[in-house]
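Structure first, commentary second.
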Amino acid sequence: MEKRVLSGIRATGRLHLGNFLGAVMGMLELQNSPDYETLYMVADVHTITTPFNIEELRKNRREVIIDYLAAGLDPEKSVIFQQSEVSEHLELAFYFSSVATIARMQHLPTFKEKVKQYPHHSTMALLNYPILMASDILVYKAGLVPVGIDQEPHLEVAREIARKMNQLYGTDFPEPKRFATKGEYIPSLTGEGKMSKTVAGSFINLTDSLEEIRKKIRSIPTATHAGGEMSEGVKTLFKFAELYISNEAEKYKEEFNKGTLQFVTLKDAISEAIYRDLQPFQERRKKIESDQKYVDKVIKEGAQKARAIASKTVKEVRKKMGLL
Ligand code: TYM
């Protein structure tokens, strides 16, 4: 049987390079392999677990779908949909919450980080975040999830829920595993932590021009003189070198060790390679943006296909739990 795959991205804005390398590249690889049946959604319901703006949410969830299509996700090969349109995710999440403890959810690093970031919005929705994510995956009985390394604690929760449900109710949920890419952890351009939409100056947008990319890559903090111990900023730079100009990365590293490296040369070479890589995406995005009817069609058909699978799982669970 084909292995089922599910992944999603929140509707917090347009995608950045971290989302692209950590998640979308894996989504594409699995979509284009005949061994997998792929479902990719925009996690619009997850977006309401932290403070949000109604109009922005409405706009952003569509932008994510457009980004997906521009990146090469293909509705002929993948089911592309909006999470909120398949209410079975929410129903199953409630059933799952009966096998997940409050203490387990409170101890997740992602929960703690968000509480620190939004101390006045420590809501039940936020606490339930990983349970809804487990439901997103398991409502399709997906065994493989292309996401960045930061999502690993959430997948661990999904595996625990699958195990508990199977033990208690005799369901046949798989224990979902992460599908990793080379870019599973893209560092921030600030030289501290990971690339993230919520940290200003940390990210490159997929629609950035060469000028913008150059300016951003040049802003990565690097020591004035090459050589010696690598600072976080220098490590970040070499990470991009390995991803984008792998043939020349060794040469630049040698120059760094000898103390002859001109950082700006390396930075500009990386910027040009990133831009070159993003150009087809940017061109496709413009075309798709001008055909909103096509986007509507993709969203509508995606929801229908997703619902057909999800409703079966929910029915099965209700029966096994004595609710039907
Ligand atoms: P989100 O919206 O935070 O991030 C989207 C995806 O991008 C990856 N990512 C990164 N990868 C490498 N380096 C980075 N700096 C970087 N920043 C972000 C994330 O790992 C993620 O894959 N909980 C999910 C959304 C979700 C989901 C799901 C995912 C909801 N339900 C079901 C898979 C399956 C999230 O917050 O992603």
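Things to note:
- Pairs are defined by a Cβ separation below 9 Å, a sequence spacing of at least 6 or placement on different chains, a first member in the range 178-190 that is touching a residue at least 40 places away in the same chain (Cβ under 8 Å), and a second member that is within 8 Å of the ligand (Cβ to nearest atom) and of a type in the set (Lys, Arg); the pairs so defined are TYR185/LYS194; ILE186/LYS194; PRO187/LYS194; SER188/LYS194.
- Flag if LEU127 is over 30 Å from GLN31 (Cα atoms), within 12 Å of the ligand (Cβ to nearest atom), out of contact with any strand residue (DSSP E or B) (no Cβ under 6 Å at 6 or more places or on another chain) and without any contact (Cβ under 8 Å) to a residue 60 or more places away in the chain: no
- Flag for ILE80 being touching a residue at least 24 places away in the same chain (Cβ under 8 Å) and either within 13 Å of the ligand (Cβ to nearest atom) or among the basic types (Lys, Arg) (or both): no
- Residue within the range 212-221 that is on the phi > 0 side of the Ramachandran plot and within 16 Å of the ligand (Cβ to nearest atom) present: no
- The numbered conditions (1) modelled with pLDDT of 95 or more; (2) touching an Asp or Glu at 6+ places or on another chain (Cβ under 7 Å); (3) away from the ligand (no atom under 11 Å from the Cβ) are all true for ARG14 except (1).
- Selection status of TYR140, in contact (Cβ under 8 Å) with a residue 40 or more places away in the chain and within 30 Å of ASP35 (Cβ to Cβ): yes
- Residues that are more than 17 Å from LEU21 (Cα to Cα) and in contact with a Gly (Cβ under 8 Å, 6 or more places away or on another chain), drawn from the range 236-258: PHE256, ASN257, LYS258
- Selected residue (criterion: farthest from VAL99 (Cα to Cα)) from residues of the range 191-207 that are within 10 Å of the ligand (Cβ to nearest atom) and touching a residue at least 40 places away in the same chain (Cβ under 8 Å): PHE203
- Within the range 23-36, not a single residue is touching a helix residue (DSSP H, G or I) at 6+ places or on another chain (Cβ under 6 Å), more than 10 Å from the ligand (Cβ to nearest atom) and over 15 Å from ARG178 (Cα atoms).
- Filter pass, HIS107 being away from the ligand (no atom under 13 Å from the Cβ) and not acidic (Asp, Glu): yes
- Pairs are defined by a Cβ separation below 8 Å, a sequence spacing of at least 6 or placement on different chains, a first member in the range 1-29 that is farther than 18 Å from GLU76 by Cβ and of a type in the set (D, E, K, R), and a second member that is in a strand (DSSP E or B) and at pLDDT 95 or above; the pairs so defined are LYS3/TYR36; LYS3/GLU37; LYS3/LEU144; ARG10/VAL42; ARG10/ALA43; ARG14/ASN205.
- Exactly one residue among GLU254, GLU184, GLU232 is within 15 Å of the ligand (Cβ to nearest atom) and farther than 27 Å from LEU28 by Cα, and that residue is GLU232.
- Counting only residues that are of a type outside the set (Gly, Ala, Ser), in a helix (DSSP H, G or I) and free of Cβ contacts under 8 Å to residues at least 60 places away in the same chain, the range 151-176 holds 11 of them.
- Selection of the range 263-281 for residues being among the basic types (Lys, Arg) and under 17 Å from LYS239 (Cβ atoms) yields only LYS267.
- Search result, residues across the range 96-110 that are in contact with a helix residue (DSSP H, G or I) (Cβ under 6 Å, 6 or more places away or on another chain) and within 21 Å of TYR169 (Cβ to Cβ): PHE96, SER97, VAL99, ALA100, MET105
Conditions tested, residue by residue: (1) surrounded by fewer than 19 Cβ atoms within 10 Å (Cβ to Cβ); (2) in contact with an Asp or Glu (Cβ under 9 Å, 6 or more places away or on another chain); (3) in a loop (DSSP other than H, G, I, E, B).
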| site | (1), (2), (3) |
| --- | --- |
| THR181 | no, yes, yes |
| LYS197 | yes, no, yes |
| ILE213 | no, yes, no |
| ILE217 | no, yes, no |
| THR222 | no, no, yes |
| MET230 | yes, no, yes |
| GLY233 | no, yes, no |
| LYS239 | yes, no, no |
| GLU255 | yes, no, no |
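The values are calculated or read from the model by the stated rules, or taken from the named source; none is laboratory data. Being a predicted model, the structure only gives us computed values, none of them experimental. For neighbour counting, all protein chains shown are included, and Cβ atoms are generated from backbone atoms with ideal geometry for every residue, glycine included.
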